[in-house]
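Heads up, the thing below is written out as structure tokens.
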Amino acid sequence: MKKKLYGLGFGAFLILLWQLLAVKINASYILPSPLQVWQALQKNFGVIMTKHFPITMEVVFIGSGIALVLGIALAILMDLDERIEKAVYPILTVSQTIPVLCIAPIFVLWFGYTTTTRVIVVVLLTFFSITVNVFDGFKATKHEMTELMATYGATKMQQFMKLRLPTALPYFFTALKISIPWAVVGSAIAEWLGAPGGLGNCSRKMMMDLNAAGLIAPLLVISAVALMINGLIRLIERLVVTWRAEV
């Protein structure tokens with residue numbers, strides 16, 4: 001409870017600081033006040049939620065689903081065969097040194113301003129953390145426990161299902177808490193490059209009109225969605241990973 005109170009207090013302090021800076025600057029096209037942003041959100045809420053929000057969430061769900069399948073499959077393959085780990089892991093690391101925004105225009109050239117382009121951006125932003133965290137979870141399995149199960153005649157599949165998979169579950173949920181909010185942000189970033197709609201597209205249009213309050217309003221929705229998804233993942237984690245005192 002104290003942590004939540006501290007968090008609320010710090011959030012209130014930041015909003016107050018924001019308000020003071022907005023009054024000091026006195027230029028809403030540069031820094032609108034929190035009240036102006038709230039008014040812009042109320043004014044555009046219907047359009048944001050009915051037109052732009054579904055477009056963004058479609059990309060988030062598709063991209064996250066693909067990233068989960070690819071990330072988990074790759075982590076399992078690397079865990080099963082050390083040669084695959086040595087071949088793939090360096091490539092995964094190098095892939096994260098290239099800013100997605102730098103290569104996203106290439107996808108636009110290939111696929112146009114389509115859902116496919118935005119899904120690829122989301123996958124590139126999220127699958128690395130899933131792969132690495134799940135793989136680290138498999139590697140965290142105690143060697144002594146593996147040997148004990150082998151002594152009792154457990155097959156590799158039984159060892160995986162009863163030992164390695166439960167050990168990796170907390171790491172998997174950590175990956176979700178990192179990657180899913182990033183998927184929301186990544187979808188909005190991709191929409192800035194060009195899209196028929198979406199929260200990023202809505203924010204970009206407001207920027208073109210020099211409407212700073214309207215620009216920030218969709219970003220608040222993005223932040224709220226990311227926080228809600230993160231909270232849902234934490235709740236599911238508590239229900240699934242029951243053998244840990246705190247998760």
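The values are calculated or read from the model by the stated rules, or taken from the named source; none is laboratory data. In this text, all values refer to a predicted model and were calculated from it rather than measured experimentally. Every residue, glycine among them, receives a Cβ derived from its backbone with ideal geometry; neighbour counts consider all protein chains shown. Each accessible area value is taken on the protein alone, full model and side chains, heavy atoms only, with ligands, DNA and RNA left out. Shrake-Rupley method; radii C 1.70, N 1.55, O 1.52, S 1.80 Å.
Are any residues in segment 54-66 of a type outside the set (Val, Ile, Thr) and either under 17 Å from ALA168 (Cα atoms) or open to solvent by 50 Å² or more (accessible area, probe 1.4 Å) (or both), and if so, which ones? Correct list: PRO54, GLU58, PHE61. Would it be correct to say that ALA213 is touching a Gly at 6+ places or on another chain (Cβ under 7 Å) and farther than 14 Å from VAL47 by Cβ? No: the conditions fail for ALA213. Out of TRP182, TRP192, TRP243, one residue alone is in contact with a Ser or Thr (Cβ under 9 Å, 6 or more places away or on another chain) and modelled with pLDDT under 80. It is TRP192. Cβ-Cβ contacts under 7 Å between residues 6 or more apart (or on different chains), taken from a first residue in segment 142-156 that is under 16 Å from ASP79 (Cα atoms) to a second residue that is open to solvent by less than 100 Å² (accessible area, probe 1.4 Å), are listed as THR146/GLN159; THR146/LEU163.
Number of residues in segment 91-115 that are open to solvent by less than 60 Å² (accessible area, probe 1.4 Å) and either of a type in the set (D, E, K, R) or more than 22 Å from GLY197 (Cα to Cα) (or both): the value is 2.
Condition check ((1) out of contact with any Pro (no Cβ under 8 Å at 6 or more places or on another chain); (2) under 30 Å from SER179 (Cα atoms); (3) assigned to a helix (DSSP H, G or I); (4) of a type in the set (Gly, Ala, Ser)) across all residues:
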residue	(1), (2), (3), (4)
GLY9	yes, yes, yes, yes
ILE15	no, yes, yes, no
SER28	yes, no, no, yes
TRP38	yes, yes, yes, no
GLY46	yes, yes, yes, yes
HIS52	no, yes, yes, no
VAL59	yes, yes, yes, no
GLY63	yes, yes, yes, yes
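Within segment 188-214, being open to solvent by less than 40 Å² (accessible area, probe 1.4 Å) and part of a helix (DSSP H, G or I) holds for ALA188, ALA190, GLU191, LEU199, GLY200, ASN201, CYS202, SER203, MET206, ALA212, ALA213, GLY214. If you go through segment 186-212 and keep only what is under 24 Å from ILE30 (Cβ atoms) and touching a His at 6+ places or on another chain (Cβ under 7 Å), you end up with LEU199, ASN201, CYS202.
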